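Participant: What follows is a structure written as structure tokens; I'll ask about it next.
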Amino acid sequence: MTGNADDAGGDEHRTVSTRRGRRGFLKLTGGVTGAAALAGCLGNDDEGSTYSREGSIPDAKTYAADELFNIEEWRGSGPLIDDRPTEYEGRSMLDLPDLRGELTIYLGGGEGGLYENLMRRIQHTYRDFTVDIRKAPSSQHANTIVEEVNAGQSPADIFWAIDAGSVGIVSENDATVELPDHLVSEIPDTYHPTDQWVGTMGRARSIPFNTNEFSKSEIPNDIFTFARDPRFDNAMGWAPTYGAFQAFVTAMRLINGESEARQWLNGMQDQGVGTYDNELVVANRVASGELNAGFGNHYYSRLVYEERPDAPLDLAFTQADAGALVNCSGAEIIKNTPNETLAVDFIHHLLSIEAQEFLTTRGYEYPLLPSIPPVGDLPTIDELNPPEFDLSRLADLEPTLQLMREVGVL
Amino acid sequence: MSVADRVVAQFDREDADGYPVGLTLLSGAIAAAVLSPLAWIVIRVLQVDTDYALSIIARPTIVEILVTSLGLVAAVTGASIGIGVPLAFLTVRTDLPFRRFWTVAVALPLVIPSYLGAFTFISAFGPGGVLADALAPLGVESIPSIYGFFGTTLVLTLYTYPYVFITTRASLLSFDQQLVEAARTLGTTRWEAFKRVTLRQLLPGITSGALLVALYTLSDFGTPSLMRLDVFTRVIFVEYNTFGRETAAMLSLQLLAITAVILAIESRIGDSSRGAYVGTGASSGSDTTVSLGLWKLPALGFCASIVTLCLVVPVAVLTNWLLRSPSGATRMGGGFEWQFAVNSVSVSLAAAVACAAAAVPVAYLAARHRSRLSELFDRATYVGYAMPGIVLGLALVFFGVYYESSVGDLSVFGADITPTLYQTLPLLIFAYVIRFLPQAVGSTRSSVRRVDRSLTEAARMLGRTPAEAFRRVTLPLIAPGVIGGAALVFLTTMKELPATLVLHPTGFETLVTYIWSVRESGYYGFAAVPALVLIVVSGLSMVVILSQEE
């Protein structure tokens, strides 16, 4: 059942081996300078860092598309994937150190297998590299890791989760190591508020709307308007049991205070907002005209749009409030791993141009490498205007659930 | 005497009062093993600041949750008895047409995980679901909400009543009709005879099924959470997910206290079986069949409507998901592999065998040597069953990891021999044993009770050792009960999700972990194939359970 786009593994292997000479060279020089750097201090001694490649990673640069590692194969295809750039800035997988060894990765969520698929692809690129992937809900993995580290040692080398709250809680519990500068430097600060973890892909809160009912300019750029403007009476849908929605309410509660969040929730209920199980359904109902608009992560509308290209469905974003929150998936390295260098190199692969392009063109998430545009006519992540907000604080979910239960939304 | 005989003989050696010391020690050890994760919860609770702990217990919402949880347990158990007992009677004692078909069909809902049932019910009967869409053109604007207490009760009842059905059915099959006739000959009224003879013989079966239903209801988190009903498990789960591990541990302790109360109540009712005459087996019961006459049609309607709700609805919804599977999702990766089914089956088989082996000593002691101690061991096996899978899973994480780090690095002649336990199959199977042992104990215990003591005594008088008597007389007679219990464990292990997610070896994907991972991202279409495979495989084992009985 795997898609044809991903069955190119065999061809890939052949192409890779012809490039191996170049990789071998990089690896050699990396080893020499790496050993020299090991003597140096990595800032956070008590973490007991074993990272051994400081100073040996080439700087980010501009690549023409054909200088990258078979970019056409990493890229997905489909109606929304034309007009990809001819050049990118960042680091190509070709210029990153070879991966050799074995890593255990706790994967929280993973977009229906997409993240796993990327990791398998990276594994197939290197003959001597294996990833062992362990899947569970993000928050559950976070709990487990904290428990494991408290008791001695987690089997996990890396935790990669689809929400910033979960990676945040692990690092706040002192269970991660500091990431080296070259790894995080290209990712905007918003998506790595500390050096304990780094964002990988972004997911924006958005307002899917039916273009027969509204034009883009009629959608308010303030999330609070939806709860009081009569135009949205009996017109909207939401999925309050969905984690991303709860993260959005958490952000609203922390930015605007609990009483304003409560008012907003009550206001939406007075507006007769329709409740659905997930945001894909909300997007579908907006496309079919049953709803005029809704609240949802941006990529659900892309998925609907892909299946029904003629649907009267468009996306709008609010400005600088919780309604425009951009949450992200993030990766971090678990304390005391014996494989720290490999783990850093691996996360670096996730942030390479090829991997970012892979996730962008298949899952429609926002790439966090600024040189990579999102698919279709989505605004770039710079054009979005998310609120000033430390994403790690999204871990403070419990009062949100309490609030949502109190007002009868959950 | 063979080695095995000698080992068994050790455990069956009796002290001066005829009490089997070895057997008692063995079942005590099993009980202690399955209770061990409790220690983790206690440690956690001790870490909670006293004032904070009191403030949690005193929260008004906790009282609300307590009332809702108990109400749900009562409603689901009552409704399960209401459905399970008549169905058992219809399929065993009446001339219901296609009895064999109905026997299998009404037991089958047990193979469907209740959370999957809840999904499909929401999809079919929820707002914007198939039913609402179908009724909309007829002018029906809104249908009663499937969410909340009603929906949770409905779904849990539909997927747990088979416990009552199966245990009641087993009692009915071994029911000695001659006793009723004897009572009638002695001049008792029909009602009196029913109350004093029939009910007395059926009650242990009904209550052991009802106990499984009650404890399942208490420990299930998937259904209430999908149906948005705040019960203990849902709140515990939310606490865990929002990192309130201490609060969660406290709530778990409260949940276990409720379990203890339910177990006490059940053992009270179960007492009525004490001293009841136990018949010699199924032979005498099955030839008296009640003719349904005019009731044939309503009876068929009853069976058919249950089967429609429990089986046709979910299978139809799953098939619909399968057909509607979004094209975009297909290329996102992570296809279904048959290896997942192989993994599920092998780990479930292992759990079934382990449970059967652990259940025999506990059940045998409880059934043959009634004492406070034997009863305590028997009851202890039920505690893990009421523990939410997530709580148990994290408790074993703690033990697994801590064990490893305290053992440290052992090496012999330079070779690393550090034993690993955490995230290995043995620990996962141990978790399943803790969770599902009572299903095997219950079934084995009632089959031991049905074995006529005089048969083993006769074997002893003919010079057989206790071990030989057990092996050659008792074991063949209780085999159907043991196998039936093991098959039940197999079924429930196939469906288990939360503990599997926490404890499975990395890379060891099963049907349910796969269903979870694809469903979580909204790609229901991917969940359809493994869910249907799960239903078919478990369905086959259900046929084994039912054929063992007769």
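Participant: Based on alpha-carbon positions alone, could you give the equivalent ellipsoid semi-axes of region B:445-539 from the gyration tensor, as √(5λ), descending, whole Å?
Facilitator: Numbers: eigenvalues 407, 34, 16 Å².
Equivalent-ellipsoid dimensions as semi-axes: 45, 13, 9 Å.
Participant: Using the beta-carbon distance between B:V353 and B:L455 and R0 = 30 Å, what value does 1/(1 + (r/R0)^6) give for FRET efficiency, to the nearest 0.05? Don't jump to the answer; show the numbers that get you there.
Facilitator: Numbers: r = 26 Å, r/R0 = 0.88.
Working from the Cβ atoms, E equals 0.70.
Participant: Report the Cα centroid-to-centroid distance between region B:342-356 and region A:86-110 in angstrom, as an integer.
Facilitator: Here the answer is 38 Å between Cα centres.
Participant: Here's another thing I want to ask about it. Taking only C-alpha pairs under 8 Å that are 6+ residues apart, what is the relative contact order of region A:58-133 in percent? It would help to have the intermediate numbers written out before the result.
Facilitator: Details: 66 pairs, mean separation 25.0, N = 76.
RCO, region A:58-133: 33 percent.
Participant: Separate question: Each label point is 7 Å from the Cα along the Cα-to-Cβ direction; what then is the distance between the points at A:R405 and A:E258, in nm?
Facilitator: Roughly 1.4 nm, to one decimal.
Participant: What's the angle, to the nearest 10 degrees (0 to 90), between helix A:279-288's Cα axis and the longest principal axis of chain A?
Facilitator: The angle comes out near 50 degrees.
Participant: For region B:52-99, what size does the Cα cloud have along each of its three principal axes, sorted from largest down, in whole Å?
Facilitator: 61, 13, 13 Å, listed from the longest principal axis down.
Participant: On a 1.4 Å probe surface of the protein chains, which of A:E357, B:E246 comes out largest in accessible area, and what is the full order? All intermediate terms of the calculation are to be shown ahead of the outcome.
Facilitator: Values: A:E357 0, B:E246 60 Å².
Ranked list, largest accessible area first: B:E246, A:E357.
Participant: Further, regarding this structure: What FRET efficiency comes out for B:A32 versus A:R127 if R0 is 51 angstrom and r is the Cβ-Cβ distance? Round to the nearest 0.05.
Facilitator: Numbers: r = 49 Å, r/R0 = 0.97.
Efficiency computed from Cβ-Cβ geometry: 0.55.
Participant: Can you divide the C-alpha Rg of chain A by 2.2 N^0.38 Å and report the result to two decimal places?
Facilitator: Values: Rg = 21.8 Å, N = 410, 2.2 N^0.38 = 21.6 Å.
Scaled against compact globular proteins, the figure is 1.01.
Participant: Please report the accessible area of B:V529 (heavy atoms, 1.4 Å probe, ligands and nucleic acids excluded) in Å², nearest 10.
Facilitator: 40
Participant: Further, regarding this structure: Pop the C-beta distance of A:R231 and B:F149 into the FRET formula with R0 = 56 Å and round what comes out to the nearest 0.05. Write out the running numbers ahead of the final one.
Facilitator: Values: r = 36 Å, r/R0 = 0.64.
According to the calculation, E is roughly 0.95.
Participant: A follow-up question, please. Provide the gained length on full extension for the span B:L373 to B:R324, in nm with one decimal, where the gain is 0.36 nm per separating residue minus the Cα-Cα distance.
Facilitator: Details: separation 49, 0.36 × 49 = 17.64 nm, distance 5.65 nm.
My answer for the length gained is 12.0 nm.
Participant: Within straight cross-link reach of A:K135, meaning Cα distance under 21 Å, which lysines are found once same-chain residues fewer than 8 apart are removed?
Facilitator: Straight-distance partners of A:K135: A:K335, B:K495.
Participant: Checking the cross-link filter: which lysines have an alpha carbon closer than 17 Å to that of B:K296, excluding same-chain neighbours under 8 positions apart?
Facilitator: Qualifying lysines at Cα under 17 Å: none.
The values are calculated or read from the model by the stated rules, or taken from the named source; none is laboratory data. Everything quoted here is computed from the prediction, not taken from an experiment. As a convention, Cβ positions derive from the backbone with ideal geometry for all residues, glycine included, and neighbour counts pool all protein chains shown. All accessible areas refer to the heavy atoms of the entire protein, side chains included, with ligands and DNA or RNA removed. Shrake-Rupley method; radii C 1.70, N 1.55, O 1.52, S 1.80 Å.
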